[in-house]
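Taken together, the values in this text are just the output of simple stated rules run on the coordinates, not laboratory data. Computed from a predicted model, the values in this text were never measured in an experiment. Because the Cβ atoms are built from the backbone with ideal geometry, glycine has one as well, and the counts that use them run over all protein chains shown.
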Amino acid sequence: MIIIAAGLLVGDGMRFGNGCTSGHGVCGISRLSLRGFGATVFYILAGGLTVAMFREVWGVI
């Protein structure tokens, strides 16, 4: 059940962000797309914040 929910969230995120992390990071930045830069920075910050929360707040990692 968790895997299905995770897959649906990833799909919604790709639709909301108009692409996936790889697409924005590789193709968007190589085309010097402002949208690609912005999306990539946002993805990296969101990932860092998630790791920090898991480590500091919940003590999981």
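List of remarks:
- Output for region 17-38, where each listed residue is more than 22 Å from GLY7 (Cβ to Cβ), of a type in the set (Ser, Thr, Tyr) and part of a helix (DSSP H, G or I): SER30
- Residue selected from region 34-49 under the condition under 15 Å from CYS20 (Cβ atoms) and of a type in the set (Phe, Trp, Tyr), by the criterion surrounded by the most Cβ atoms within 10 Å (Cβ to Cβ): TYR43
- Taking first residues from region 8-22 that are at negative phi and partners that are aromatic (Phe, Trp, Tyr) and surrounded by 11 or more Cβ atoms within 10 Å (Cβ to Cβ), the Cβ contacts under 9 Å between residues at least 6 apart in sequence or on separate chains come to GLY17/PHE42; GLY17/TYR43; THR21/TYR43.
- Being of a type outside the set (D, E, K, R) and either touching a residue at least 60 places away in the same chain (Cβ under 8 Å) or in a helix (DSSP H, G or I) (or both) is a property that VAL41 has.
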